[in-house]
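Heads up: the structure comes next, in structure tokens.
Read-outs: derived from the displayed coordinates by stated rules, not from any lab. These figures come from a predicted structure and were not determined experimentally. A quick note on method: Cβ atoms are made from the backbone with ideal geometry, for glycine too, and the neighbour counts reach across all protein chains shown.
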Amino acid sequence: MSKENIVVGLEIGTSKVCVAVADVRPDGSMKVLGVGQSPSLGVRKGEIVHFESVHKCVRDAIADAEQKSDVSIRRAYVAITGGHITSFNNRGVVELPEGREEIEEDDLEEAKRNAREVNIPSQNAFLHAIIQHYYVDGQDGVLTPVGMLGQKLEADYHVVHGIRTRIQNTIRCVKDVPLEVQDVVFNSLASAQVVVSQNQKNLGVLVIDMGGGTLDYLLYVDGAVKQSGVIAIGGDHLTSDISLGLRIPLGRAERLKIDEGSAVLGNSRPGETIYLKPEPGFGGREIEREMLNRIIHDRLHETFDLLKRQLASEPHLRYLGAGAVLTGGCSLMHGINHLAEEVLGLPVQPAQPPPLQGVTAALANPQLSTALGLIKYAQFTQMEQPEPTVWSRLKGIFSRRRNR
């Protein structure tokens with residue numbers, strides 16, 4: 001198998017490091033060859049806080065993926081998240097020079113540069129400029145302006161940026177493995193590639209990716225990304241709340257959350273309890289099931305309320321004909337979809353396994369949406385832009401000059 005057909009997606013999550021390896025085909029299909037995982041240490045709220053611990057976890061996950069896929073991994077697409085990630089919408093305008101009316105590829109690049117000509121914090125770097133719509137001499141709905149005749153090209157973009165040093169930390173950690181970083185991709189943008197269809201994007205859909213340390217979101221209207229961001233709350237916060245509220249060790253709280261937890265209130269019998277067996281360092285005890293569910297419900301309700309308030313800054317919620325899709329490890333919590341519907345006022349459904357070939361268990365696991373989505377993202381970008389453009393963007397992230 002030619003190594004040029006192999007694409008690797010790497011997500012350094014708060015709970016797990018995930019590595020997906022796939023064989024991609026020219027027709028746009030892909031076959032998942034293997035998935036490697038390792039418990040994540042040294043990551044908090046999606047960001048690296050202990051470099052050496054993360055470095056070892058990445059190496060372990062890579063080794064696991066290599067063994068399962070029988071592929072020697074040398075480079076990867078890498079996911080980025082964290083509460084520092086933010087975004088905005090802006091329009092770039094290009095007036096064609098006198099004597100030329102045909103729009104060229106360079107005009108599109110200039111429009112993109114113009115859309116990014118805004119003041120962002122000096123410590124930040126651009127991650128993505130995602131095209132929303134093109135206009136030629138005021139005509140909207142233009143899909144491919146190159147080759148059209150006109151005097152003025154306008155382009156609306158959704159621009160994602162974050163703190164440069166925090167992005168650099170992830171890149172440096174991967175490069176020290178050593179792996180070549182082919183590109184860095186915002187988590188929920190990657191997940192969206194496999195959890196929602198083009199039809200859902202056209203109807204309007206909200207992608208919610210809730211992992212161990214963060215909730216990442218991406219909102220589509222009329223097929224275009226309109227809003228995105230990160231809330232630094234995830235499944236680990238539920239575990240911490242359970243540990244503190246019930247006064248039990250974190251390890252027991254995590255297992256209790258997974259095995260018995262629910263976001264639904266009122267479904268347990270009056271006085272129903274759960275018995276926790278004793279183990280070294282813990283004497284065992286009984287806890288009320290409704291108290292456990294109350295702790296989970298309250299934290300998730302607060303999280304979805306924060307999400308709703310962030311989304312309310314723009315008028316797009318009313319245009320989501322396909323509702324919301326929930327993915328990530330925390331999406332496995334019993335009753336979480338119903339609670340999200342109640343708070344957001346939208347129909348919410350769990351992410352369905354993507355229509356891919358390969359390791360069946362991997363495709364059905366929402367914890368792997370980002371790693372698999374990175375591979376789909378790679379397919380699209382490799383067809384649309386040459387490698388030097390990607391490398392130029394990565395060099396821009398490492399540049400110390402002020403980005404404008």
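Before moving on, here are some points about what is shown:
- Computed from label points 7 Å out along Cα-Cβ, the spacing between residue 264 and residue 70 is 4.5 nm.
- Dipole magnitude for segment 197-350: about 20 debye, using +1 per Lys or Arg Cβ and -1 per Asp or Glu Cβ, origin at the Cα centre.
- Residue by residue, segment 325-334 carries 3J(HN,Hα) couplings of 10, 10, 9, x, x, 6, 5, 7, 4, 4 Hz when phi is fed to the Karplus relation 6.51 cos²θ - 1.76 cosθ + 1.60 (θ = phi - 60°); x denotes Gly or Pro.
- With contacts taken as Cα pairs under 8 Å and at least 6 residues apart, segment 86-162 reaches a relative contact order of 48 percent.
- Each of 29, 210, 352 was placed along the dipole of the chain (beta-carbon charges, centred on the mean Cα), and the one lying farthest toward the positive end is 210.
- When +1 charges are put on Lys and Arg Cβ atoms and -1 charges on Asp and Glu Cβ atoms, the dipole computed for the chain relative to its Cα centre reaches about 1300 debye.
- Largest GNM mean-square fluctuation across 307, 96, 372, computed for the chain with C-alpha springs under 10 Å, falls on 96.
- Normalised contact order of the chain, rounded percent, pairs of Cα under 8 Å and 6 or more residues apart: 19
- Using the Cβ-Cβ distance between residue 382 and residue 106 with R0 = 22 Å, the FRET efficiency computed as 1/(1 + (r/R0)^6) comes to roughly 0.60.
- Here the label points at residue 143 and residue 27, each 7 Å from Cα along the C-beta direction, are separated by 2.1 nm in the simple model.
- When the Cα positions of 20, 142, 228 are compared along the charge dipole of the chain, 20 comes out farthest toward the positive end, with charges on each C-beta of Lys, Arg, Asp and Glu.
- Entries of 45/376; 31/308; 68/376 with Cα pairs more than 32 Å apart: 31/308
- Between the listed residues 397, 245, 71, the Cα displaced farthest toward the positive end of the dipole of the chain, a dipole computed from Cβ unit charges relative to the Cα centre, is found at 245.
- Placing dummy labels 7 Å off each Cα toward the beta-carbon, the span from residue 198 to residue 123 is 4.2 nm.
- Distance between segment 140-188 and segment 301-332 - C-alpha centres, whole angstrom: 23
- Note on residue 56 and residue 250: the extension gain reaches 67.6 nm, defined as 0.36 nm multiplied by sequence separation minus the Cα-Cα distance.
- Between the amide H of residue 276 and those of 285, 286, 287, distances stay under 5 Å, these residues lying 5 or more places away or on another chain, with hydrogens modeled in the peptide plane.
- Within a Gaussian network of the chain (alpha carbon springs, distance under 10 Å), most fluctuating of 329, 266, 162: 266
- Anchor residue 277: lysines whose Cα lies under 30 Å away (excluding residues fewer than 8 positions away in-chain): 16, 257
- Lys, Arg +1 and Asp, Glu -1 on Cβ, resulting dipole of segment 75-120 about Cα centre, debye, nearest 20: 620
- Of 180, 110, 66, the residue with the greatest mean-square motion in the GNM of the chain, using alpha carbon springs below 10 Å, is 110.
- Each other residue within a Cβ distance under 11 Å of residue 312 adds +1 if Lys or Arg and -1 if Asp or Glu, for a net charge of +1.
- Using the rule -39500 (n - 2.57) for each DSSP H run of four or more residues, divided by the residues of the chain, the 222 nm mean residue ellipticity is -11000 deg cm²/dmol.
- Backbone N under 19 Å from the residue 90 label point (7 Å along Cα→Cβ), restricted to segment 113-143: 113-135
- Gain upon complete extension [residue 113, residue 172; 0.36 nm per residue less C-alpha separation]: 18.6 nm
- Gain in span if fully extended, residue 286 to residue 349, counting 0.36 nm per residue against the direct Cα distance: 19.3 nm
- For residue 84, net neighbour charge (Lys/Arg +1, Asp/Glu -1) across residues whose Cβ lies under 12 Å away: +2
- Computed over neighbours whose Cβ is under 11 Å from that of residue 241, the net charge equals 0, Lys and Arg +1, Asp and Glu -1.
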